[in-house]
Each structure stands twice: as structure tokens, then as C-alpha cells.
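The values are calculated or read from the model by the stated rules, or taken from the named source; none is laboratory data. As the structure is a prediction and not an experimental result, all values here were calculated from the model. Cβ placement follows ideal geometry from the backbone for every residue including glycine, while neighbour counts extend to all protein chains displayed. Side chains included, ligands, DNA and RNA excluded: accessible areas come from the protein's heavy atoms. Shrake-Rupley method; radii C 1.70, N 1.55, O 1.52, S 1.80 Å.
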Amino acid sequence: MRTDFENLTNEILMQIFEHLDAYHLFKAFAHLNSRFDRLITDYRLALKFHSKHLRDHDEFDQKLWIIMGNYLTALTLILDRHIRMFMLMTKDCQFPYLESLTLRQVRITRDKSAVVKFISKLKSLKNLRIQSIGEMNDLTLMIFSSNNLPNLISYESKNTEYPTVIFFTYPKPTNIEYLTIDSTLYNLSSILLQTPKLRYIDLDLTTYGREDQTETQFPLPKMMFLTHLSLNMHFISYIHLTDLIKVLPSLRTLDLSGNSMGAHFDNGEKLKSLFEHLREVVIEDLNCLTHSTSTNQILSTFYNQNNNGFWSDVTCSIQYDRALISAVGRKI
């Protein structure tokens, strides 16, 4: 006898299935009957798997994992043991539909090369997010220098211990358009040279050099398509930032935060001269050197006739010789 659930139309069932975790969906409905087999393997069904749904007492059917893997569109793994288990259970999968992969809060302490090899075979991948602890240069080398993921459009690499290092060897550039990454100023040119199609970059940028000189491995290339820059600075100077802005002719919006070094970041006139061609600038809790003794001295450089109302919502505070500034700037 057919149940009320089985009497639902295919369209309604597929809408329900899209809200379920892929593993438990396959575990519940695979091989139940030919109708459900067709539905759960329909290419229009955006199947997603998140390893938070795994329990230690789960019994794993490798054949089921292989079938599921060949229809996944999005995958999130949150523990090292989940990564190793997933690679083992799906070693014969081709993942033809997998477009999004997230590895979150992981420390890959062993089998690192195997993880990189696993990711490199995901040729349909468009979105990759890595939030890791520990050095992952093998991964960045595979993505940027070897360009083993030609369909990758969005890449996020967040590492609490190591900045991204790329050894530029003039291979075929990547197709990455959206990038979130940590880098040193010295290595930034290599990253930009490998990503000429960038439209958006969320950059955590650090330098260890002098404030009056921009030291990069190669000259910074012009980024003709980049329209949005979110920059969290660590010891970046006004000169460093000026040199970066010069190679971004299409830049329209800028989000600025972090710790700067050197002069001018507490001066609204200087900042306007650097940013006035942009559509919008948002400065949030920018920690900078100041010789001002009162916040009114700083505010007067933002709210004067020369700025023509460019700046709004300006707040600042001073502690010792450092100022904390937030402001919004818009092109008039």
C-alpha cells in the first residue's frame, strides 16, 4: 500500500530532498524502489553533505558513499578524521557534479599530500574554502602555480598561523574571480599575477619592511577587473597602500581596517586625495600613528571645506600615540 508520503508529486519530493543531508537521504531512500532511485540521482537535485551530521556509531556502506559522491554538488568537512574517512570511502568517485568544497577548522597533520591530491582531482570545483591551522603550501602550489583546478572561480584560504606563499613560475593563470587570502606584501605580486581575472579580493596583508618602500617579489601587475578590495592591514603604510591602489584602475569600493604604520592615516584630507575616485570607502577601527593631542584635531581634517562632504560618520579615539578611526567616504 502506498503511503501519503509516496503519493506526493516528484516535484514536491525533490524540494523536500534538497533540505536533507545527502548521506542520510541516500541511506533512507537508496534502493527503496526505482522511483526513489531516479529522484535522488536526478542531476537537478542539489545534493549537499556536511560532516557535522556524522555520528561515531553510524554504520558506513562504502557502495552507498560512492553512489552519493557521484551526485554531490556541495561538500563540507569539519574534522581531520572526517576528511580521511571521506577520502577512504569515496576513493573510486569521480565527483562529476561537485562544485563547492569547504574544509573548516582543520589541522591536516598527516596525509597532507593525499588531501591535496584528492582536491586536485575535483575538476568541476568552482568554490573552495579552506579554514586551516598549519602550513598548506602544497595546496596553494597546486591551485595557483600548477592551476590544477581550471574551473575554480572562488577561493578562500584562512590560516591562523601561516600567510599564503606562492612560487610564481609563469604557468597558465587561474580563472579565480573571488579571493579571500592572507599574504605578505612581498608575496602579493605573485598572487595577483596568477589571478588576472580577479573582481573581488578580501586580503589580510602584512609587511615587515620599511614604510617608505614597497617591496614585492615582482612589480605589482595592473588588475583591470578588480572592483572591490577588503583590506585588513598589518604594518602597511600610506606609501604601500598608494602603490597598491595605483594598480587597481577599476576599483570602486574599499573596506579598510587593521593596523597601519607611518603618517597620514589620521588625516582626512590625505585619505580623500587617495580615495576620492572611488565610489565608497568604509574605514572600520583603523589603528594608526598620530601626533594629534585631541580627537578634534583629527576630526577637523575630515570635516573641512577641502573634503566637500566626502566623509561622514567619522569617529575617533586616541590612546598614547595611536588613533582608532572609523569613517565612511562617498564620491560626491
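Are there any helices (runs of 4 or more DSSP H) wholly within segment 1-94 with 1 or more residues that are open to solvent by 30 Å² or more (accessible area, probe 1.4 Å), under 26 Å from VAL116 (Cβ atoms) and polar (S, T, N, Q), and if so which?
Because the criterion is at least 1 residues that are open to solvent by 30 Å² or more (accessible area, probe 1.4 Å), under 26 Å from VAL116 (Cβ atoms) and polar (S, T, N, Q), the helices (runs of 4 or more DSSP H) in segment 1-94 that meet it are 62-69.
Search segment 10-24 for residues that are closer than 19 Å to ILE66 by Cα and pair each with any residue that is open to solvent by 20 Å² or more (accessible area, probe 1.4 Å) and assigned to a helix (DSSP H, G or I) when their beta-carbon atoms are under 7 Å apart and the residues are at least 6 apart or on different chains.
ASP21/HIS53; TYR23/HIS53; HIS24/HIS53
So the check is Cβ under 6 Å with 6+ separation or different chains; which pairs have a first residue in segment 297-316 that's open to solvent by less than 40 Å² (accessible area, probe 1.4 Å) and a second one that's of a type in the set (Ser, Thr, Tyr)?
ILE298/SER292; CYS316/THR295
Being closer than 22 Å to LEU256 by Cα, modelled with pLDDT of 80 or more and not in a strand (DSSP E or B) is the requirement here; does THR164 meet it?
Judged against the criteria, THR164 is not a match.
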